[in-house]
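Everything on this sheet refers to the single structure shown next.
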């Protein structure tokens, strides 16, 4: 039986343009329309991608052939668009972070619940096979009882990065913070995905090289509810020779974990080591079912009972936001913060 086609509309075509292209590449999905407040950008993206284009996203909400709205706007704009889209009966994909405060996140969740629509937040590194393999090794007990996890995301962002697009990334009110919420949140999600719930954090953060209100560097000591300990590091001050694209600097990501029965390391989404005591064979990890967030969402729209470890549902997205805010509170007060 042929799968039902799922129609998508994308709001925000900076980063959202790549997600619109993902829709076009996925069988069973159709890019219906894109939206940007900038008419030239909207028209250019629409013509390039073969979709209708609008300068007012509300025009997309009127269309019966759009099932899912993808929101790829500045962080503090997510709530209002999401609520309007939910009230129009549209399912939602939200780029990370889901929003900038728990109150705003709760407003979005409540609107989706009231309208009976689905909402997922995109954390794209969940789709990397190496991350799946390591998570499986931890979750299956192959490495034994988890002891220590080190999670690091280091990249470089020049000052002009914070000033582009109206400078929203440089301000608390529009970006919700700096490198923790805008870059490191991907690695924070990996940390919780692999090691489980966080009990407390002790953080230090500041702007050491950037003229911004929030932070360009953060170091966090983490205690997990399963008894393990960990560290989280995020910075946009890490000069490196890797291509930076439109944001001006490359990235280096590292995850290193050990337990009572083994150790593992991921470097830039490649599993560089997985050692199990006694020469045991690592458990086989199935590849992610979905290719990306577009694929995940299309499957979920077709099947209410669809389950996927890569799909970040509202409760998990809210938990990530709670963790980010706990890190900021600890950095501000100098005190250890316990999570609810």
Query raised in the report: Once you sort the root eigenvalues of the Cα gyration tensor of the range 133-216 as a ≥ b ≥ c, which label holds: rounded (a/c under 1.5), prolate (a/b larger than b/c) or oblate (the other case)?
Result: prolate
Query raised in the report: Which one of 273, 321, 60 has the biggest mean-square fluctuation once the chain is modelled by GNM with Cα springs under 10 Å?
Result: 273
Query raised in the report: With a 10 Å Cβ neighbour count serving as the proxy for reagent exposure, in which order, fewest first, do 181, 66 appear?
Result: 66, 181
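Using Cβ counts within 10 Å as a stand-in for footprinting exposure, how do 15, 195 rank, fewest first?
Details: 15 14, 195 23.
Least to most surrounded, the residues fall as 15, 195.
Express the C-alpha Rg of the range 125-286 as a ratio against the empirical globular expectation 2.2 N^0.38 Å, rounded to two decimals. All intermediate terms of the calculation are to be shown ahead of the outcome.
Values: Rg = 16.9 Å, N = 162, 2.2 N^0.38 = 15.2 Å.
Computed over Cα atoms of the range 125-286, the ratio equals 1.11.
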Query raised in the report: Hey, fewest Cβ within 10 Å first, where do 193, 172 land in order?
Result: 172, 193
Query raised in the report: Hey, how many Å between the Cα centroid of the range 295-340 and the Cα centroid of the range 153-184?
Result: 20
Report summary line: Where a ≥ b ≥ c are root eigenvalues of the Cα gyration tensor, a/c under 1.5 meaning rounded, otherwise prolate if a/b exceeds b/c and oblate otherwise, the range 241-323 counts as oblate
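Per DSSP helix of 4 or more residues, -39500 (n - 2.57); summed, then divided by the residues of the chain. What does that give at 222 nm, rounded to the nearest 500? Kindly include the intermediate steps, with their values, before the conclusion.
Working: 11 runs with 110 residues, N = 340.
Calculated mean residue ellipticity at 222 nm is -9500 deg cm²/dmol.
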Requested in this report: Find, to one decimal place in angstroms, the Kirkwood hydrodynamic radius of the chain, where the mean of 1/r is taken over every pair of different Cα atoms and then inverted.
Outcome: 20.8
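Since every read-out is calculated from the coordinates, none of them should be taken as a lab result. Note that the structure is a prediction, hence the values are computed from the model and not measured. In this analysis, Cβ positions are derived from the backbone assuming ideal geometry, glycine residues included, and neighbour counts consider all displayed protein chains.
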